[in-house]
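The values are calculated or read from the model by the stated rules, or taken from the named source; none is laboratory data. This structure is a prediction, so every number in the text was calculated from the model and none was measured. Cβ placement follows ideal geometry from the backbone for every residue including glycine, while neighbour counts extend to all protein chains displayed.
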Amino acid sequence: MNSTLTLLAGLALAGSATASAATDPARLARGKYLMEGPVACGNCHMARDAQGAPLPDKGLSGGMLFDEAPFKAYASNITPDAATGIGKWTDAQLKKAIREGIRPDGSLIGPPMPIGFYRKLSDADLEAIVAYLRAQPPVVNVVPKSEYRMPLPPNYGPPVGKVKAPPAGKSAQYGEYLATIAHCMECHTPRDAKGMLNFSQLGAGGQEFKGPWGVSVAPNLTPHANGLKDWRDADIATAIRSGKDNQGWPLKPPMGFPFYANISESDMQALIAYLRSLKPQPGHKP
Ligand code: HEC
Ligand code: HEC
């Protein structure tokens, strides 16, 4: 290649890099995979009917109610509608909201949004998620204001700097990253008397979830006989993707099986390697 052509090629690349923020196809594809797969923000943010079935044409316009003793929270409209969604927020504001739980007006996003886990989202994955959100159709939907009958902390920790994911692959280390951004342990770890996750019992299960389905109890995911020790890899994958236990019985919500159905084979192997690396806990006996 002569020097003029090299220069032109370089300019074209630089041009596409600046225009790319929201439209770079690889970034958008990564965002789609994360959002419709392991990260599954839609499991909480999708608009739903009274029975809890998703309303696909209303997208991520929110409204789902989390009615708990300390709060009555409604999932926000996170479509790009300027008036009722996040359309007026800049990329930087949106990133801060997702990874630090702080809105542009400085207010704190309350539970159950799992901000503690999202603090570990890599810069690249956060950008991919923002690109995906920007690419969604705006949906007008006014969501009621959440009510917190408990003091919210001033923040979820110091500002998050740069975050890099471990190298992608089938390792337990990458599986831990995936389980974090999929907030598996938000549900599968027991809580203490104050409602805080008890990380010394990581993955031991026992939390109860009430809803139109009745009550479900998060099982023990550690490699203990009360957990997944005797489960084959294929059965664990089927449980996560298809919502069926190792006897073929259907598993109840609120785990986002329809999203997790899209988890890639390599990512599934990483997740399983991570679960197998957890400290065995007697924890919750099914
Ligand atoms: C477990 C449920 C849950 C999950 C998972 C979840 N959210 Fe939320 N999110 C909420 C709730 C509830 C609120 C409202 C909290 C409040 O009113 O303070 C919220 C608020 C927000 C807000 C603030 C919007 C506003 O207008 O104030 C943004 C942005 C947001 N979520 C984005 C996301 C993204 C992106 C993801 C995935 C990476 C995600 N959420 C995952 C439940 C969830
Ligand atoms: C919103 C809460 C929630 C999240 C997030 C969640 N789970 Fe679950 N999970 C549950 C509940 C509740 C059950 C049990 C459902 C039932 O018994 O009907 C379950 C069942 C399972 C099972 C079947 C185990 C058994 O003994 O039957 C596996 C495996 C599992 N989850 C793994 C995961 C992994 C891996 C992730 C993250 C990718 C995850 N879960 C995210 C709540 C959750």
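Whenever a residue of region 51-79 is in the same structural domain as residue 108 (by TED's automatic domain parsing) and more than 11 Å from ligand 1 (Cβ to nearest atom), it has no partner that is of a type in the set (S, T, N, Q) and assigned to a strand (DSSP E or B) lying with C-beta atoms less than 9 angstrom away and at least six residues away or across chains. Please enumerate the residues belonging to region 169-218 that are without any contact (Cβ under 8 Å) to a residue 24 or more places away in the chain, small (Gly, Ala, Ser) and outside any helix (DSSP H, G or I). Within region 169-218, 193 is the sole residue that qualifies. If the condition is being within 16 Å of ligand 2 (Cβ to nearest atom) and buried (at least 19 other Cβ atoms within 10 Å of the Cβ), then region 96-113 contributes 111, 113. Scanning region 93-118 for residues that are aliphatic (A, V, I, L, M) and over 19 Å from residue 35 (Cα atoms) yields 102, 108, 109. The C-beta contact set for region 152-167 (first residue over 16 Å from residue 101 (Cβ atoms), second residue in a loop (DSSP other than H, G, I, E, B), distance under 7 angstrom, 6+ apart or interchain) comprises 164/122; 165/122.
Out of curiosity, is residue 88 over 28 Å from residue 194 (Cα atoms), among the basic types (Lys, Arg), crowded, with 18+ Cβ neighbours inside 10 Å and modelled with pLDDT of 95 or more?
Spelling it out, it is not the case that residue 88 is over 28 Å from residue 194 (Cα atoms), among the basic types (Lys, Arg), crowded, with 18+ Cβ neighbours inside 10 Å and modelled with pLDDT of 95 or more.
Conditions: (1) surrounded by fewer than 16 Cβ atoms within 10 Å (Cβ to Cβ); (2) in contact with a Lys or Arg (Cβ under 7 Å, 6 or more places away or on another chain); (3) not basic (Lys, Arg). Residue 246 meets all but one. Number of the miss? Tallying (1) surrounded by fewer than 16 Cβ atoms within 10 Å (Cβ to Cβ); (2) in contact with a Lys or Arg (Cβ under 7 Å, 6 or more places away or on another chain); (3) not basic (Lys, Arg), residue 246 fails exactly one: (2).
Quick one: in region 240-252, of everything that is closer than 21 Å to residue 178 by Cα and either modelled with pLDDT under 95 or assigned to a helix (DSSP H, G or I) (or both), which residue is nearest to ligand 2 (Cβ to nearest atom)? Ranking the qualifying residues of region 240-252, first place goes to 240. If I ask for residues that are touching a helix residue (DSSP H, G or I) at 6+ places or on another chain (Cβ under 8 Å) and away from ligand 2 (no atom under 16 Å from the Cβ), which ones from region 42-58 would you list? Correct list: 47 only. When 221, 228 are checked against the criterion of being without any contact (Cβ under 8 Å) to a residue 60 or more places away in the chain, within 21 Å of the chain's Cα centre (by Cα), within 17 Å of residue 172 (Cβ to Cβ) and not in a helix (DSSP H, G or I), a single residue qualifies: 221. Considering only residues of region 243-266 that are more than 16 Å from ligand 1 (Cβ to nearest atom) and under 17 Å from the mean Cα position of the chain (by Cα), which is nearest to residue 190 (Cα to Cα)? Applying the filter and picking the extreme gives 261. The residue list 204, 237, 225, 218 contains one member that is touching a His at 6+ places or on another chain (Cβ under 7 Å) and more than 8 Å from ligand 2 (Cβ to nearest atom), which is 204. Scanning region 102-116 for residues that are near ligand 1 (Cβ under 8 Å from one of its atoms) and within 21 Å of residue 198 (Cα to Cα) turns up 110, 111, 112, 113, 114. Annotation note: of 135, 193, the sole residue that is within 14 Å of ligand 1 (Cβ to nearest atom) and surrounded by fewer than 19 Cβ atoms within 10 Å (Cβ to Cβ) is 135.
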